[in-house]
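Q: What follows is a single structure, and I will ask about it in a moment.
Where a number appears in this text, it was derived from the coordinates with a stated rule and is not lab data. Computed from a predicted structure; not experimentally measured. Virtual Cβ from ideal backbone geometry, glycine too; neighbours counted across all protein chains shown.
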Amino acid sequence: MDIPRIFNITESAHRIHNPITADKLATLGAALRLERGARVLDLGSGSGEMLCTWARDHGVTGTGVDMSALFTGQAKRRAVELGVADRVTFIHGDAAGYVADQKVDVAACLGATWIGGGVAGTIALLAQSLRAGGIILVGEPFWRQLPPTDEVAKGCLAHATGDFLVLPDLLASFGRLGYDVVEMVLADQDGWDRYEAAKWLTMRRWLEENPGDEFATEVRAQLTAEPVRYATFTREYLGWGVFALMGR
Ligand SMILES: C[S@@+](CC[C@H](N)C(=O)[O-])C[C@H]1O[C@@H](n2cnc3c(N)ncnc32)[C@H](O)[C@@H]1O
């Protein structure tokens with residue numbers, strides 16, 4: 001079981017697999033006023049940067065579940081590196097339907113809401129692990145500017161304009177699901193650059209090391225096309241943020 005190999009290639013050097021930066025992850029951790037010993041669940045935990053740094057900085061404990069064996073291994077190594085391996089656990093597996101044995105204070109899914117079949121389904125899944133009064137974190141794209149056509153939305157690697165909402169509508173949608181938005185930290189274009197542009201050097205180095213690999217043609221095509229596609233579409237039109245929610 002694993003994610004498509006192309007992501008394990010292009011994001012192999014990422015610590016954070018989203019447009020949020022280390023600074024903003026730290027801002028989010030501080031904004032949530034986390035208490036020592038707070039329990040955090042992270043579905044689609046990637047390379048574990050959120051759990052590991054929050055365990056180091058705020059003394060939280062946590063579990064992350066991720067379908068990438070590569071990212072899960074990186075998360076375990078990061079926990080050792082930051083001296084928090086006794087406080088965080090990383091499980092390699094499918095997080096669809098994953099419910100924690102013990103209720104958590106914070107239940108998160110940052111940039112992987114397909115795990116619950118969309119934002120509403122993921123919130124419902126996270127809620128099953130959450131103690132009363134706990135906080136749900138959802139990391140999700142929104143339109144910074146509404147694309148004028150579906151072609152522009154496709155340029156952002158969406159299927160259509162309807163895939164995402166503009167920020168006020170996304171915030172309103174959480175209310176309709178019965179949640180207060182109690183905090184948010186939004187990515188900016190520099191954060192998008194850290195997520196997207198960091199893939200280009202990784203791809204270039206991978207191509208030099210793996211010229212005969214069956215994925216070399218695909219990776220070459222991506223490296224050739226991605227900078228212009230990204231600057232034309234994603235960087236201009238797509239926003240991204242983490243939204244902290246509490247049930248009303
Ligand atoms: C956009 S990345 C975000 C990772 C992490 N939350 C972060 O911010 O660095 C999406 C993550 O979801 C993971 N993923 C995809 N499908 C999954 C599934 N069904 N169950 C668990 N993890 C999954 C991927 O391996 C990847 O690490």
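Q: Residue by residue through region 168-178, what is 3J(HN,Hα) from phi via Karplus (6.51 cos²θ - 1.76 cosθ + 1.60, θ = phi - 60°)? Round to whole Hz and write x for glycine and proline.
A: x, 6, 5, 5, 5, 5, 5, x, 5, 7, x
Q: Further question: Rounded if a/c is under 1.5, else prolate if a/b beats b/c, else oblate: with a ≥ b ≥ c from the C-alpha gyration tensor eigenvalues square-rooted, which is region 80-220?
A: Since a/c reaches 1.5 but b/c is at least a/b, the shape of region 80-220 is classed as oblate.
Q: What do you get for Rg/Rh over region 186-230 if you use C-alpha atoms and the Kirkwood form of Rh?
A: Rg/Rh for region 186-230 comes to 1.06.
Q: In addition: State the percent of C-alpha pairs, over all pairs in region 162-248, separated by a distance greater than 15 angstrom.
A: For region 162-248, the share of Cα pairs beyond 15 Å comes to 68 percent.
Q: Give, as ranges by residue number, the residues of region 207-248 whose backbone N falls under 19 Å from the point 7 Å along Cα→Cβ of T149.
A: 229-238
Q: Please check: in the Gaussian network model of the chain (C-alpha springs, under 10 Å), which one of R77, R235, R220 has the largest mean-square fluctuation.
A: Looking only at R77, R235, R220, the biggest GNM fluctuation is shown by R220.
Q: GNM on the chain, C-alpha springs below 10 Å: top fluctuator among D193, D150, D66?
A: Most flexible of the set in this elastic network: D150.
Q: List the lysines whose Cα sits under 21 Å from the Cα of K24, skipping any in the same chain fewer than 8 residues away.
A: Qualifying lysines at Cα under 21 Å: K199.
Q: Taking every alpha carbon pair in region 204-248, what does the distance histogram look like in 10 angstrom bins from 0, in percent?
A: The percentages, shortest bin first, are 22, 29, 24, 16, 8, 1.
Q: For region 160-205, what class follows from the C-alpha gyration tensor (a ≥ b ≥ c being the square roots of its eigenvalues): rounded when a/c is under 1.5, otherwise prolate if a/b is larger than b/c, else oblate?
A: Prolate shape, in that a/c is at least 1.5 and a/b is the bigger ratio.
Q: Volume per residue, Å³, of the convex hull around the alpha-carbon atoms of region 134-191?
A: Roughly 101 Å³ of hull volume per residue.
Q: Let me ask another. Quick check: Cα centre of region 141-179 to Cα centre of region 17-62, how many Å?
A: 26
Q: What FRET efficiency would be calculated for the residue pair A124, E208, taking the C-beta separation as r and a Förster radius of 35 Å, to the nearest 0.05?
A: 0.20
Q: By how many nm would the segment from V181 to R77 grow when fully extended, if each residue of separation counts as 0.36 nm and the alpha-carbon distance is taken off?
A: Gain on extension, V181 to R77, equals 34.1 nm.
Q: Something else about it: Output the Kirkwood hydrodynamic radius of the chain, Cα pairs only, in Å rounded to one decimal.
A: 18.6 Å is the Kirkwood radius here.
Q: Something else about it: Modelling each spin label as a point 7 Å along the Cα-to-Cβ direction, I'd like the E236/F215 distance in nm, to one decimal.
A: 3.0
Q: Between V80, H159, Y98, whose Cα lies farthest towards the positive end of the dipole of the chain when Lys and Arg beta carbons carry +1 and Asp and Glu beta carbons carry -1, centred on the Cα centre?
A: V80
Q: Roughly what % of DSSP beta bridges within the chain run antiparallel, to the nearest 5?
A: Percentage antiparallel, nearest 5: 45.
Q: Roughly how far apart, in whole Å, are the Cα centres of region 68-89 and region 185-221?
A: Distance between centres, Cα-based: 23 Å.
Q: Provide the gained length on full extension for the span A160 to A31, in nm with one decimal, where the gain is 0.36 nm per separating residue minus the Cα-Cα distance.
A: 43.1 nm
Q: While we're here: Any idea how far apart Q189 and A225 come out in nm if each label point goes 7 Å out from Cα toward Cβ?
A: That separation, rounded to one decimal, is 2.4 nm.
Q: If all Cα-Cα distances of region 1-120 are sorted into 5 Å bins from 0 onward, what percent lands in each bin, rounded to whole numbers?
A: 2, 12, 23, 26, 22, 11, 3, 0
Q: Is region 59-110 best put as rounded, prolate or oblate by its Cα gyration tensor, with a ≥ b ≥ c the root eigenvalues, rounded for a/c under 1.5, and otherwise prolate when a/b is larger than b/c, oblate when not?
A: Oblate, because a/c is 1.5 or more while a/b does not exceed b/c.
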